[in-house]
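Here's the structure we're looking at; comments come further down.
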């Protein structure tokens, strides 16, 4: 009684429980489903070709999985599953065969809803269907349906259309490790894993080279237009989903604009192109985080080093770089995660490059039954690798302590004339690369497109058709985006507060962990998990706006929590205690004391969530369903289809970017606050 | 601040209530009179807007109260979606994809005897799919990458070593319906050994759109194409040329079907009747260069008559083609 009263008296405890349950449902349960399905597979299947004019059965060897079939000399097939003898198949006459059970049970049968037959002998079941091929215009009127004509004891006689293919399958799920074994032994899948790592390492390295160098130069030298450069990089950090990658192909592909102009025999399509394009996708992240940590260094340490005789090079490598490491590592970590999970770039910039996110999408969407088991196995491996990367990052940061007392005075020098020109030139080139997709999309939105090719005719027609037929998508994106951001705002604030100030035993730590999990889960995988748990009663959410909102909310929650968290660490709890001692209730002391102090962090966290949500694509394309069709889905559809015009997709992208740059301008560029987001403490 | 938050919450809830309420009202009204031509219908289609729009625009003119919602994606993606949603289907009609795919997923579709079925060159005995168009996949070459003299004249010569090093794009039959039609059709003419040597020259793309675009953009010299899109690209002056090989051209029949337990079966049937109508097929021939599957509509004049072509259809089920292809595409 006493306990319950206490619980209800503290709204934070109630909130903690609600948040905990919600996160568990959305994160843990959906991932458990994926985990389970990665350990499951169908019992097996095989296909048999029959003869038009004879009784013989001919096994298609390649199609056998989960079963073993041996042919005996008299044309019978002996069917075994894991050493257990199950049936013999015996062709008797054209269009007629006997199936005899060998497991000691008698056979029963029933028709299934596909026009096939299910036979069962004790615990063993076999689904049988037939596939008849006739010429293009042949009348297929005199078909023999698949049916059981005689059944007694252990024997049944099956009648089918002579010459048809008979598909046998055991659809009962069984638990197995074989999905992982197959995944890790088949060269196609292993190559996908290898490719993912190559792409991740090289694009992060390229981005780090440009990002860290440029950030250092801007942090150390007083350059005119620094804020303009920061503005442009921040703008570049939001990339136009999907179309951004295609812009590179339009310019540098086999018959791209630049390729043709220069008469080159080259194409960006391929692994090298994927690495290059992703490098520029993640460059802004590395640059912004590194710039912040270089500017916040204690410059007196540098001066000490120099006055003790250290050369500038020595000082850079032994003093400045190590001190800036936390920021750099964070930047690199985020860059690695982004390049590891990026779905759009490899999909667009390569013809046949298999990387994990594309593989998962394709396995799930594959036409024959969609191989859920393999998609799930790939997902589990991806989560595993992401966790490894995170652990490495945490391990590295935990071993070092970087506390220093910051001096307020910025340590910048005036660059010499030549150096200034050099920096400006480098900046111009780098910014051009980082901003190229945005510019291309902007330009292409204002020209007429014809069968997927840009003409030189200026038009506003793309925007006209956007407003005429796709305006509802704008509404859907804004509605789901704002709702999810609002949820991120509320829960991010609450969870961060519980983690930093309340520190309930066990639960607070568990919350902290749970919040970070979605950051590890690729969008495709999260979408898959949501479909698996929300596609059946009691919670039937597929196809509603709710499922989109929940997916957005949970995917981008880490941004919100972490930014509020870092703001909260700067608020001394004595302030709230003072309010409490004066008689204020917890809610009041929070809203009147703490909240106003951390509003900056809250807004920047919410903005970041909002930006990420609005451009989310990988979970969206699995989860959306009309009429709830967000802008990113429209862009995806109008980019992927070979016959579609890019005009609409470009116009839609421009509008989306405009919607994003407005809040970005007010929050980030005006106050430069969003940089404070650090995915650090777990 | 509090006021702003409160205001936002109120706004959001109101918006949600309006959306939800609006939807429910609509549903209720339609259930009473399912034949009345108003409401919203959802069509899943692997066809791009360049194919669906000309026909659906006429439908919209005829029935202004019917709102059409399209989801377009690859055939495989849409079938996977339908399979995942089968307990709670969102779509009413699936339009596009070859008849083999429809038969493999027969349980997702409802039997409906359209009055137009008798006018078709072929019909499904189970009345689940209804033919729309006959579609060939000729060779497509990029004229920037290949001189006139180097154009392949037969499919057979594509297995020559001169096309080595990924000069040919081929859609993966595991991932694409068009890829299945091409591979199985070629197996029908030359057998699996031919596919195996052809594969040595191919980049296998994870979808047919990627294959089409690879040739259009000049990433590869040769590929295969759906003839309606190829004809359109030729007409617009893109650097591509369709070649109907002397020895073999693969062909499929494209279909449309009613989704089982879809939310608006009445409207779904009406849309299918419309898509199968003579009027719609005339548009298909004139505006999008598709060969109609109706007996009474002549093929487009810019395409060669079927009688002049060596046609090959798929003759093995997807499971068999996929497993064998997987086996040789290491």
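The values are calculated or read from the model by the stated rules, or taken from the named source; none is laboratory data. Computed from a predicted model, the values in this text were never measured in an experiment. Positions of Cβ are backbone-derived with ideal geometry, glycine not excepted, and every protein chain shown enters the neighbour counts.
For the range B:107-128, the set of residues classified as part of a strand (DSSP E or B) and farther than 17 Å from residue B:291 by Cα consists of B:109, B:110, listed by residue number.
Screening residue A:503 against (1) in contact (Cβ under 8 Å) with a residue 40 or more places away in the chain; (2) on the phi > 0 side of the Ramachandran plot leaves a single unmet condition, (1).
When each of A:189, A:218, A:180 is tested for being touching a residue at least 40 places away in the same chain (Cβ under 8 Å) and closer than 30 Å to residue B:100 by Cβ, the lone residue that passes is A:189. Residue A:37 fulfils the conditions (1) closer than 30 Å to residue B:110 by Cβ; (2) out of contact with any strand residue (DSSP E or B) (no Cβ under 7 Å at 6 or more places or on another chain); (3) at pLDDT 85 or above except for a single criterion, (3).
Residue-by-condition table, conditions (1) surrounded by fewer than 22 Cβ atoms within 10 Å (Cβ to Cβ); (2) within 11 Å of another protein chain (Cβ to nearest Cβ); (3) touching a residue at least 24 places away in the same chain (Cβ under 8 Å):
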{"residue": "B:270", "(1), (2), (3)": "yes, no, yes"}
{"residue": "B:287", "(1), (2), (3)": "yes, no, yes"}
{"residue": "B:294", "(1), (2), (3)": "no, no, yes"}
{"residue": "B:298", "(1), (2), (3)": "yes, no, no"}
{"residue": "B:304", "(1), (2), (3)": "yes, no, yes"}
{"residue": "B:310", "(1), (2), (3)": "yes, no, yes"}
{"residue": "B:326", "(1), (2), (3)": "yes, yes, yes"}
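Scanning for something within 16 Å of the chain's Cα centre (by Cα) and either more than 12 Å from residue B:257 (Cβ to Cβ) or more than 11 Å from every other protein chain (Cβ to nearest Cβ) (or both), does the range B:105-128 turn up at least one residue?
Taking the range B:105-128 first, the residues within 16 Å of the chain's Cα centre (by Cα) are B:105.
Within this subset, residues satisfying the condition of being either more than 12 Å from residue B:257 (Cβ to Cβ) or more than 11 Å from every other protein chain (Cβ to nearest Cβ) (or both) are none.
No - not one qualifying residue is present in the range B:105-128.
The set of residues in the range A:414-461 that are under 31 Å from the mean Cα position of the chain (by Cα) and at pLDDT below 85 comprises A:449, A:451, A:452, A:453, A:454. Can you tell which of A:495, A:499, A:533 is away from chain B (no Cβ under 14 Å), in contact with a helix residue (DSSP H, G or I) (Cβ under 6 Å, 6 or more places away or on another chain) and surrounded by fewer than 24 Cβ atoms within 10 Å (Cβ to Cβ)? Just a single option satisfies the conditions, and that option is A:499. If we scan the range A:101-113, do we find a residue that is within 27 Å of residue B:100 (Cα to Cα), surrounded by fewer than 16 Cβ atoms within 10 Å (Cβ to Cβ) and at pLDDT below 85? Yes, some residue in the range A:101-113 is within 27 Å of residue B:100 (Cα to Cα), surrounded by fewer than 16 Cβ atoms within 10 Å (Cβ to Cβ) and at pLDDT below 85.
Considering only residues of the range B:193-215 that are facing chain A (nearest Cβ under 7 Å) and within 21 Å of the chain's Cα centre (by Cα), which is surrounded by the fewest Cβ atoms within 10 Å (Cβ to Cβ)? Taking the candidates together, the pick is B:204. Just one of the listed residues (A:560, A:472) is within 14 Å of chain B (Cβ to nearest Cβ), over 24 Å from residue A:379 (Cβ atoms) and assigned to a helix (DSSP H, G or I), and it is A:472.
Residue B:253 meets the conditions (1) touching a helix residue (DSSP H, G or I) at 6+ places or on another chain (Cβ under 6 Å); (2) within 14 Å of chain A (Cβ to nearest Cβ); (3) surrounded by fewer than 18 Cβ atoms within 10 Å (Cβ to Cβ) in every case but one. The failed one is (3). Only residues that are crowded, with 23+ Cβ neighbours inside 10 Å, under 19 Å from the mean Cα position of the chain (by Cα) and either farther than 30 Å from residue A:273 by Cα or within 14 Å of chain B (Cβ to nearest Cβ) (or both) were counted in the range A:310-344, giving 1.
Of the residues making up the range B:145-192, those that are under 16 Å from residue B:240 (Cβ atoms), more than 12 Å from chain A (Cβ to nearest Cβ) and at pLDDT 90 or above number 2.
Restricting attention to the range B:47-56, does a residue exist that is in a loop (DSSP other than H, G, I, E, B) and within 27 Å of residue A:131 (Cβ to Cβ)? Yes: one or more hits. Of the residues making up the range A:563-577, just one is assigned to a helix (DSSP H, G or I), without any contact (Cβ under 8 Å) to a residue 40 or more places away in the chain and touching a helix residue (DSSP H, G or I) at 6+ places or on another chain (Cβ under 8 Å), namely A:575.
Is at least one residue of the range B:231-249 outside any strand (DSSP E or B), more than 8 Å from chain A (Cβ to nearest Cβ) and within 21 Å of residue A:352 (Cα to Cα)? Spell out how you get there, then give the answer.
Going residue by residue through the range B:231-249, those that are outside any strand (DSSP E or B) are B:231-239, B:244-248.
From what's left, more than 8 Å from chain A (Cβ to nearest Cβ): B:231, B:234-235, B:237, B:244-248.
Retained after the next criterion (residues that are within 21 Å of residue A:352 (Cα to Cα)): none.
No, because not a single residue in the range B:231-249 is outside any strand (DSSP E or B), more than 8 Å from chain A (Cβ to nearest Cβ) and within 21 Å of residue A:352 (Cα to Cα).
In the range A:579-596, the residues that are over 16 Å from residue A:13 (Cβ atoms) form Cβ pairs under 9 Å with partners that are in a loop (DSSP other than H, G, I, E, B), at six or more places apart or across chains, as follows: A:591/B:1; A:592/A:584; A:593/A:571; A:593/A:584; A:594/A:571; A:595/B:1; A:596/B:1. Among the conditions (1) buried (at least 22 other Cβ atoms within 10 Å of the Cβ); (2) part of a helix (DSSP H, G or I); (3) modelled with pLDDT under 85, the only one that residue A:259 does not satisfy is (1).
Given the residues A:376, A:339, A:387, which is the only one that is under 12 Å from residue A:525 (Cβ atoms) and assigned to a helix (DSSP H, G or I)?
Values: A:339 fails: under 12 Å from residue A:525 (Cβ atoms); A:387 fails: under 12 Å from residue A:525 (Cβ atoms).
Exactly one residue qualifies, and that residue is A:376.
Is it fair to say residue A:639 is under 19 Å from residue A:655 (Cα atoms) and in a helix (DSSP H, G or I)? The answer is yes for residue A:639. For the range A:90-116, residues that are under 20 Å from residue A:51 (Cα atoms) and within 46 Å of the chain's Cα centre (by Cα) total 1. If you check A:91, A:54, A:75 for being at positive phi and either in a loop (DSSP other than H, G, I, E, B) or at pLDDT 85 or above (or both), only one passes: A:75.
The residue list A:632, A:607 contains one member that is under 25 Å from residue B:84 (Cβ atoms) and part of a helix (DSSP H, G or I), which is A:632. State all residues of the range B:129-144 that are at pLDDT 90 or above and not in a strand (DSSP E or B); if no residue qualifies, say none. Of everything in the range B:129-144, those that are at pLDDT 90 or above and not in a strand (DSSP E or B) turn out to be B:138, B:143.
Modelled with pLDDT of 85 or more, within 14 Å of chain B (Cβ to nearest Cβ) and closer than 30 Å to residue A:376 by Cβ: is that true of residue A:168 in this structure?
On the way: modelled with pLDDT of 85 or more: yes; within 14 Å of chain B (Cβ to nearest Cβ): yes; closer than 30 Å to residue A:376 by Cβ: yes.
For residue A:168, the condition - modelled with pLDDT of 85 or more, within 14 Å of chain B (Cβ to nearest Cβ) and closer than 30 Å to residue A:376 by Cβ - is met.
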